[in-house]
Amino acid sequence: MVAVSREVPAPADLGTDLIALPEGTPLRLDVQLESVMEGVYVTGTVHGRATGQCGRCLVEFEQDVVVDLQELYAYPGKRPDSVDDDEMPELEGDRLDLEPALRDAVVPALPFQPVCRDDCQGLCSECGARLADDPGHHHDVVDPRWSALQGLASDGGGAHEDRREPTGSRTDAQEEN
Ligand SMILES: [Zn+2]
Ligand SMILES: [Zn+2]
């Protein structure tokens, strides 16, 4: 058994539209290569860093990705006819192409609905502020039906006072005469 540790740049499109390991960012591979009858059995882990967009608050965030990898690479010509290339890739001479195995391991391990943190509260439905930045954030929400009545009440009160004042002063003047 041979252990190999290597840092490689992430290939393009390693992820989804919402979360991915950006192309060229470092991936650390720690793998063991084991010679078996049909070929070489590769097991190990991949460490990388994904960039995603939170589905609740839309902020961009990064998260560590650690996934297990395992793939059996057949010796050239040794792969059973019933098994296709996706299931058991062939060794290319003494080289093996880890990219398909890497992709198969990493992409399904990424969250389907990424969030910046599990308890992300998302955005304020009133003003769109990001609630995680402002934990005490709230609005004194008035039921829209009551707010309409409040508007009527204050308009009516104002109009009423304007009318009463001139009436009062006219009465005073008449009493003085
Ligand atoms: Zn969030
Ligand atoms: Zn708000």
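Things worth noting here:
- Any hit, the stretch 47-56, residues being under 30 Å from Ala129 (Cα atoms) and within 16 Å of ligand 2 (Cβ to nearest atom): yes
- Applying the criterion of being in contact with a Pro (Cβ under 9 Å, 6 or more places away or on another chain) and in contact (Cβ under 8 Å) with a residue 40 or more places away in the chain to the residues of the stretch 91-116, the residue that is farthest from Ile19 (Cα to Cα) is Leu91.
Residues are listed down the side, and each one gets a yes or a no for (1) under 23 Å from Arg28 (Cβ atoms); (2) modelled with pLDDT under 85; (3) aromatic (Phe, Trp, Tyr):
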{"residue": "Arg56", "(1), (2), (3)": "no, no, no"}
{"residue": "Glu60", "(1), (2), (3)": "yes, no, no"}
{"residue": "Leu69", "(1), (2), (3)": "yes, no, no"}
{"residue": "Tyr73", "(1), (2), (3)": "yes, no, yes"}
{"residue": "Gly77", "(1), (2), (3)": "no, yes, no"}
{"residue": "Pro80", "(1), (2), (3)": "no, yes, no"}
{"residue": "Glu87", "(1), (2), (3)": "no, yes, no"}
{"residue": "Gly93", "(1), (2), (3)": "no, yes, no"}
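- Selection count, the stretch 121-136, where residues are part of a loop (DSSP other than H, G, I, E, B) and touching a strand residue (DSSP E or B) at 6+ places or on another chain (Cβ under 9 Å): 4
- Residue list for the stretch 117-133, filter: farther than 24 Å from Asp64 by Cβ and within 8 Å of ligand 1 (Cβ to nearest atom): none
- In the stretch 57-85, residue farthest from ligand 2 (Cβ to nearest atom) [restricted to those that are exposed (fewer than 12 other Cβ atoms within 10 Å of the Cβ) and under 21 Å from Met37 (Cβ atoms)]: Gly77
- Val107 meets all of the listed conditions (1) within 16 Å of ligand 1 (Cβ to nearest atom); (2) surrounded by 15 or more Cβ atoms within 10 Å (Cβ to Cβ); (3) at pLDDT 95 or above but one, namely (1).
The values are calculated or read from the model by the stated rules, or taken from the named source; none is laboratory data. Remember, predicted model here, so these are calculated numbers, not experimental data. Every residue, glycine among them, receives a Cβ derived from its backbone with ideal geometry; neighbour counts consider all protein chains shown.
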